[in-house]
Every structure is written in structure tokens, then in C-alpha cells.
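These notes are about the structure you will find just below.
The values are calculated or read from the model by the stated rules, or taken from the named source; none is laboratory data. Not measured: the values here are computed from a predicted model. Cβ sites come from the backbone with ideal geometry, for glycine too, and all protein chains shown count toward neighbours. We work out accessible area using only protein heavy atoms, side chains counted, and drop any ligands, DNA or RNA first. Shrake-Rupley method; radii C 1.70, N 1.55, O 1.52, S 1.80 Å.
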Amino acid sequence: MNQETPKQSEHKKSCVNCGAELKYKPGSTVIKCGYCNHEEAIVLSDTSFEELELQPYLEKMGPQSHTEEISMLHCKTCGANQHVEENYKSLHCVYCSQPLIVEDAYNEDWILPGAVLPFQLNHQQSHAIFKKWVNSLWFAPNKLKRAALDPEKTKGLYVPYWTFDAELYGEYEGQRGDYYYVTESYNTTVNGKNVTRTRQVQKTRWTYASGTVSGFVDDTLVSASEKKKNTIPDKITHWNLDQLESFNSSFLAGFVTEKYTLSLENGHLKSTEKAKQIANGWARQDIGGDTQQVHKLNMKLSEETFKHILLPVYISSYMFNSKKYHFYVNGQSGIIDGNRPYSFWKIFFLVLFIIAVVGAIIIFGKQT
Ligand SMILES: [Zn+2]
Ligand SMILES: [Zn+2]
């Protein structure tokens with residue numbers, strides 16, 4: 001059983017054969033040399049992830065037992081903070097591809113990740129997904145489809161998230177609504193005659209309701225990446241957290257890691273909002289009936305714990321007709337989303353074609 005926490009996330013793992021840097025091989029538990037293919041197993045911790053007690057961290061950033069220094073590069077254009085587990089000579093921001101100056105790197109404390117979801121897809125696979133996506137786009141310029149999109153521009157990024165666990169207890173007051181139907185008569189005209197008809201109308205009977213709800217709120221996920229622009233689209237931010245591994249810096253080798261820009265405190269505020277929505281849902285379930293209103297809800301969270309986790313995304317930005325576009329691939333599921341260019345001429349001719357067809361129908365219709 002390996003219980004030691006890796007203290008040096010910047011410790012480079014070099015190949016014993018040729019001295020080159022070893023990089024994490026997606027979908028595996030090994031780090032691999034890109035030159036001689038030498039592989040080394042990542043020592044996995046078989047202890048469960050450590051949930052950290054929230055309160056000491058909120059009061060003062062912990063006893064520093066779970067923080068360490070990490071070198072960071074800040075992007076002035078989009079505000080992302082990123083750490084690169086590799087010696088690059090020139091670096092570009094993963095989000096907006098602005099050049100970053102290596103000499104500007106500075107060390108700062110961060111709360112060590114408790115767990116990481118290792119990349120399951122490699123660069124080639126994510127690039128193949130991108131190509132397929134481009135080919136399926138309607139009204140995309142032919143030039144874009146033909147363009148040999150540079151796989152080198154695709155970067156694997158570990159995105160920071162906070163997750164929170166808590167015991168929830170809530171007291172609520174509200175109304176329970178039960179539907180019932182009444183028969184109403186109404187007047188209408190049928191073939192020029194006034195007739196009286198009946199219809200069923202739904203009504204709601206409201207009664208006072210109150211009670212308590214309680215339960216465990218598990219893994220409330222809050223994105224810890226706050227940026228001015230280029231935020232990751234919601235469509236790709238669903239991960240199966242069963243594949244989380246205890247943090248080991250080997251999983252980061254060869255990838256970029258982003259440092260949280262949303263503080264733990266603000267992350268906690270967001271998760272508390274989410275917990276309130278959960279409590280509201282529980283209260284409605286508890287009230288029962290066909291519809292419910294919750295007027296008052298006092299919620300208490302206790303035994304709160306949190307984790308800082310890293311989740312895998314491939315990001316690529318590409319230039320097209322001197323405009324910048326981005327696409328994102330979930331590094332676990334391969335779900336893709338992004339923004340894309342439209343071909344003006346393809347849309348123009350389609351609209352022209354529709355106008356021609358509509359015009360022909362009108363002219364043909366008048367002739368008969
Ligand atoms: Zn080697
Ligand atoms: Zn940037």
C-alpha cells in the first residue's frame with residue numbers, strides 16, 4: 001500500500017534508457033518515453049480519495065499540509081493560470097493561443113488535487129473526432145473541410161473543479177396542490193347556430209404543508225476555472241467520476257494543468273446554491289401531490305468536506321480567414337463542441353434556391 005502523497009508535482013520523470021521526458025499515456029496507468037517507448041507503471045494509491053474538512057480551509061488556508069508551490073504562467077488575454085509539466089521553449093495559452101513568456105512563470109501555493117481523472121483518449125483520437133466533426137458541419141466552407149488542421153495545436157488540459165460533500169438538513173413550509181376537474185358549460189357557434197357545450201377544466205386545491213428533509217449531498221461539482229472568455233462549453237462538461245484516481249503527478253506528465261481561479265470560498269458559495277436547489281427538490285417530493293410551492297426553506301449543511309479535482313479536456317484553437325475559432329473534446333467521453341465558421345456563399349445560394357422555389361409555386365399557382 002502506497003500512502004505517500006506526491007509532494008513535488010514538478011518532479012520530472014526521465015527515461016532510464018535515453019533521458020527523455022516520460023509522458024502519461026492516455027487510457028493507461030503508465031508513463032511512456034516518446035523516443036524509445038520505454039514504459040513505467042504509475043504507482044496507484046489504493047486508499048480512497050481524501051476528502052478535506054472544509055472549515056479549516058475557509059478560515060485560513062489549512063495547515064498547509066495539502067498545499068504546495070507550483071510554477072504558474074498567467075495569460076493576460078483570457079485570465080487562465082496554467083502549469084506545464086514539461087520544459088517548453090515557447091508556450092502558448094491553451095485557451096486562446098496567446099504566447100506566454102516562460103520567464104514570467106512564478107511560484108505560488110495551491111491546494112493539491114485530491115484526485116485526477118486521467119485522459120482516456122490520446123491526441124490522435126481527439127484529432128480524429130475533430131476531423132469527423134468538421135466534415136459533418138452544415139454550411140462549413142469547403143476550405144475548412146479540406147484544411148489539414150494541425151494536430152500539434154491540440155493540447156490536453158486538466159481543468160480544475162471543486163467538489164463538495166455535505167450532510168443536508170432542511171425545514172420547509174409550503175403548499176401542496178392537488179388537481180381536480182370541474183365541468184363548465186360554454187356557448188359556441190356551430191353552422192351559424194348558438195349551441196351550449198360542456199368541457200372539463202383543471203383546478204388546483206391548495207393545502208398547507210410543512211416538514212423536514214435530510215440526506216447526503218455527494219460530489220457537487222463546481223468549475224474552478226473563471227475566465228474572461230473562452231469558457232469550456234457545458235455540452236462537454238460531463239464526466240464519469242467513477243474513473244477518478246488518487247492524485248499522482250505522473251498523470252499530468254505531458255499535459256497542461258490549469259490552476260483554479262475561482263477561490264475555494266466562492267466555489268463553496270456556488271455549491272451551497274446547488275445544495276439549496278437539491279433541498280428544494282427534496283421538499284417538493286416530500287410535499288407530494290400534483291404541484292407544490294415552497295415558501296420557506298431553512299437549510300443547514302454539516303460535516304462539509306471538499307476535494308480539488310482535475311478533469312481532462314482537449315482544446316484546440318484554429319485560425320480561419322483571420323478569425324479565431326475553438327473546439328473542445330472531453331478527454332474521457334470524446335464529446336465535442338466548439339464554434340465554427342459558416343460559408344456565406346453556401347447559405348446565400350440556399351436562400352436564393354428557396355426564393356426561386358417559392359416564386360415558382362406562386363407563379364404556377366396563379367396560372368391554374
Ligand atoms: Zn527513452
Ligand atoms: Zn489565454
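Descriptive notes on the structure:
- In order along region 193-200, the Karplus-derived 3J(HN,Hα) couplings, from 6.51 cos²θ - 1.76 cosθ + 1.60 at θ = phi - 60°, round to 10, 7, 10, 9, 10, 10, 8, 8 Hz, and Gly and Pro are given as x.
- Within the accessible area of region 217-283 (1.4 Å probe), percent carbon and sulfur: 45
- Efficiency of FRET from Cβ geometry, residue 77 and residue 105, R₀ 25 Å, rounded to 0.05: 0.90
- Taking amide hydrogens as placed 1.01 Å from N in the peptide plane, the amide H of residue 45 sits under 5 Å from those of 246, each at least 5 positions away in sequence or on another chain.
- Top positive-direction residue, dipole computed over region 229-363 with Cβ charges, set 246, 271, 326: 326
- Prolate/oblate/rounded call for the chain, Cα gyration tensor, a/c under 1.5 rounded: oblate
- Across region 240-368, the mean sequence separation of Cα contacts (distance under 8 Å, 6 or more residues apart), normalised by length, yields a relative contact order of 10 percent.
- If R0 is taken as 41 Å, the Cβ-Cβ distance between residue 171 and residue 339 corresponds to a FRET efficiency of 0.35.
- Gain on full extension, evaluated as 0.36 nm per residue between residue 234 and residue 358 minus their Cα-Cα distance, stands at 40.8 nm.
- Fraction of beta bridges assigned by DSSP in the chain that are antiparallel (%, nearest 5): 95
- Springs join every pair of Cα atoms under 10 Å in this Gaussian network model of the chain, and among 73, 137, 352 the largest mean-square fluctuation is at 352.
- Surface composition of region 297-368: carbon plus sulfur atoms hold 69% of the accessible area, using a 1.4 angstrom probe and ignoring ligands, DNA and RNA.
- Accessible-area composition of region 157-204, carbon plus sulfur, in percent [1.4 Å probe]: 38
- Cβ-placed point charges (K, R +1; D, E -1), dipole of the chain about Cα centre in debye, nearest 20: 2980
- On a per residue basis, the chain carries 56 Å² of accessible surface, using protein heavy atoms and a 1.4 Å probe.
- Structure-based [θ]222 nm, the chain - -39500 (n - 2.57) summed over DSSP H runs of at least 4, per residue, nearest 500: -6500 deg cm²/dmol
- Virtual spin-label span in nm between residue 16 and residue 291, 7 Å along Cα→Cβ: 7.0
- Residue 263/residue 98 FRET efficiency (R0 25 Å; Cβ-Cβ; nearest 0.05): 0.55
- Dipole moment magnitude, nearest 20 debye, region 233-368 about Cα centre, only Lys, Arg, Asp, Glu C-beta charged: 680
- Mean separation of Cα contacts under 8 Å (6+ apart) over length of the chain, as relative contact order %: 25
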